[in-house]
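Everything below concerns the one structure shown next.
The values are calculated or read from the model by the stated rules, or taken from the named source; none is laboratory data. For clarity, every value in this text was computed on a predicted model and none was experimentally measured. Neighbour counts are summed over all protein chains in view; Cβ atoms, including those assigned to glycine, are modelled from backbone coordinates with ideal geometry.
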Amino acid sequence: MVDGHGFDLAARLADRKRRGLRRDLQPIERVAARTRVAGDPGGDIPAFDGEEHLVFAANDYLGLASDDRVQRAAARAADEVGTGAGASRLITGDTGLHHRLERDIAESKGTERALVFSSGYAANVGTVAALAPDVIFSDELNHASIVDGCRLADAETVVYDHCDADAFGAAMDHRAREAAPDERWLVVTDSVFSMDGDIAPLRRICDVAERHGAWVMVDEAHATGLYERAGGIVQREGLGDRVHVQLGTLSKTLAAQGGFIAGSERLVEHLLNTARSFVFSTGLAPPAVGAAREALSLARAGDRRERLWSHVDRLRDGLETRGYRVLGETQILPVLIGDGTDALALADYLEERGVIAPAIRPPTVREGTSRVRVAPQATHTDEEIDRCLAAFDAAHADLNLEPDSQRTATDPSGQGVQS
């Protein structure tokens with residue numbers, strides 16, 4: 001090839017492989033607590049053979065993606081409304097089904113109104129940019145969509161130490177000493193962090209923000225649907241009247257696709273006029289809207305949430321009894337290993353024994369804090385939880401793992417963590 005102004009993608013891919021960052025796709029046969037898997041087929045159709053694996057890697061925490069009631073709701077929406085919205089919601093892509101879902105979300109979140117976006121990523125980048133803050137205070141482990149929203153907003157971004165309310169308060173106090181009186185400040189944080197499984201100190205964050213008159217925005221992607229009335233940490237802590245912007249996704253516990261913002265009437269009216277990721281995107285497909293609405297209803301009722309938390313307790317206790325250190329305090333159970341090669345070896349070992357739990361390594365987490373991320377679903381059985389623990393038990397002996405219990409996670413790349 002003649003040298004010129006093109007892109008040498010082969011060299012870029014080779015560099016990623018050299019640095020251990022080259023990734024492959026791993027198709028699954030169906031979205032459920034158990035499925036067959038296939039190797040990366042490239043551009044070919046995957047071939048599924050062999051035994052089913054137990055999936056301890058998905059964010060479908062209540063197992064609603066395979067629930068027949070949710071599937072029927074998606075089919076009804078396709079039949080009654082259409083398979084796609086057909087246009088931006090500001091043109092002809094706005095349906096009654098969208099408004100019914102938004103009403104249900106607002107009720108669950110205790111807000112005046114909600115607005116559904118095509119994805120959680122679109123909701124984050126669109127909202128942060130549309131608010132156009134002068135200064136953003138952001139937790140260092142916030143999701144990549146928040147990081148990108150900060151970049152698009154072109155605001156001064158102050159990154160504070162992860163889940164450290166004292167560091168956040170000091171950063172805000174320091175900025176206040178040199179701030180112009182008309183500056184607009186936005187504090188943004190995940191509630192549950194997807195790679196550490198810990199929870200932001202939201203009450204203390206609100207205390208500091210209120211002292212300075214700043215707005216608070218909380219991303220509840222990994223919490224929505226798992227607490228009372230299918231709410232998140234904001235609802236659990238009774239902070240609905242202190243958090244100005246509540247964000248969530250429909251693609252995790254709510255088993256569909258899309259994201260949403262919940263807040264005041266004025267907030268929603270402002271965003272539907274100015275959030276570019278809403279204005280210039282086709283409306284969320286009706287089957288996803290119908291599925292999410294049914295999933296939200298099911299998350300409020302029944303015993304799935306209780307079964308999930310029972311599995312979480314059983315897994316955490318079992319892993320710690322077997323000598324592993326488990327981070328966090330939520331349904332996300334990061335098993336800290338330390339060395340990236342060891343984490344990959346453990347993930348491979350588990351998969352060979354029918355358990356899918358991914359290795360998470362740099363640059364998503366800091367060097368020396370690689371881990372295997374375990375995420376149970378309510379639809380796992382007690383026997384399947386025991387099979388998962390047995391695989392970890394065997395690995396501890398066969399791989400001679402020595403988990404490093406003294407380190408914590410971070411994302412030094414500035415790219416944000418993955419979902």
Condition test on residue 130, is it surrounded by fewer than 24 Cβ atoms within 10 Å (Cβ to Cβ) and part of a loop (DSSP other than H, G, I, E, B)? no
Looking at the range 87-105, I want the residues that are free of Cβ contacts under 8 Å to residues at least 24 places away in the same chain and have a partner that is not small (Gly, Ala, Ser) with Cβ atoms under 9 Å, at least 6 apart or on another chain. Which pairs are those? 96/81; 103/113
Can you tell me which condition residue 79 does not meet? The list is (1) without any contact (Cβ under 8 Å) to a residue 60 or more places away in the chain; (2) assigned to a loop (DSSP other than H, G, I, E, B); (3) loosely packed, with under 14 Cβ neighbours inside 10 Å; (4) not aliphatic (A, V, I, L, M), and all the others hold. (2)
Anything in the range 323-357 that is over 21 Å from the mean Cα position of the chain (by Cα) and in a strand (DSSP E or B)? List them, or say none. 325, 337, 338, 355
Give me the pairs, please: first residue somewhere in the range 35-63 and farther than 13 Å from residue 332 by Cα, second residue anywhere and assigned to a strand (DSSP E or B) and of a type in the set (S, T, N, Q), beta-carbon distance under 8 Å, and either six or more positions apart or on two chains. 52/35; 53/35; 55/35
Going residue by residue through the range 18-37, is there one that turns out to be under 28 Å from the mean Cα position of the chain (by Cα), loosely packed, with under 12 Cβ neighbours inside 10 Å, basic (Lys, Arg) and farther than 24 Å from residue 375 by Cα? yes
Cβ-Cβ distance below 7 Å, separation of 6 or more or different chains: which pairs start in the range 284-305 with a residue that is within 12 Å of residue 231 (Cα to Cα) and end on one that is polar (S, T, N, Q)? 296/108; 299/253
If you check 125, 116, which single one turns out to be assigned to a strand (DSSP E or B) and either surrounded by 21 or more Cβ atoms within 10 Å (Cβ to Cβ) or among the β-branched types (Val, Ile, Thr) (or both)? 116
Residue 42 being out of contact with any helix residue (DSSP H, G or I) (no Cβ under 6 Å at 6 or more places or on another chain), closer than 29 Å to residue 364 by Cα and at pLDDT below 95: yes
Would you be able to say whether some residue in the range 123-137 is of a type in the set (S, T, N, Q), farther than 22 Å from residue 299 by Cα and touching a helix residue (DSSP H, G or I) at 6+ places or on another chain (Cβ under 7 Å)? yes
Hey, residue 302 closer than 22 Å to residue 382 by Cα, of a type in the set (Gly, Ala, Ser) and in a helix (DSSP H, G or I) or not: no
Starting from residues that are in contact with a Pro (Cβ under 9 Å, 6 or more places away or on another chain) and buried (at least 17 other Cβ atoms within 10 Å of the Cβ), keep the ones in the range 351-367 and report whichever is nearest to residue 27 (Cα to Cα). 360
Can you tell which of 276, 314, 293 is touching an Asp or Glu at 6+ places or on another chain (Cβ under 8 Å), farther than 25 Å from residue 199 by Cα and at pLDDT 95 or above? 293
Residues that are within 21 Å of the chain's Cα centre (by Cα), farther than 22 Å from residue 143 by Cβ and β-branched (Val, Ile, Thr), drawn from the range 249-301: 289
Taking residue 322, is it within 23 Å of residue 143 (Cβ to Cβ) and at pLDDT below 95? no
Look at the range 359-376 and say how many of its residues are more than 14 Å from residue 339 (Cα to Cα) and touching a helix residue (DSSP H, G or I) at 6+ places or on another chain (Cβ under 7 Å). 2
Residue count for the range 44-75, restricted to those that are assigned to a helix (DSSP H, G or I) and touching a Gly at 6+ places or on another chain (Cβ under 6 Å): 2
Of the numbered conditions (1) touching a residue at least 24 places away in the same chain (Cβ under 8 Å); (2) surrounded by fewer than 20 Cβ atoms within 10 Å (Cβ to Cβ); (3) in a helix (DSSP H, G or I), residue 84 fails exactly one; give the number of that condition. (3)
Going by the structure shown, is residue 363 within 26 Å of the chain's Cα centre (by Cα), in a loop (DSSP other than H, G, I, E, B), more than 24 Å from residue 253 (Cβ to Cβ) and not assigned by TED's automatic domain parsing to the domain that holds residue 225? yes
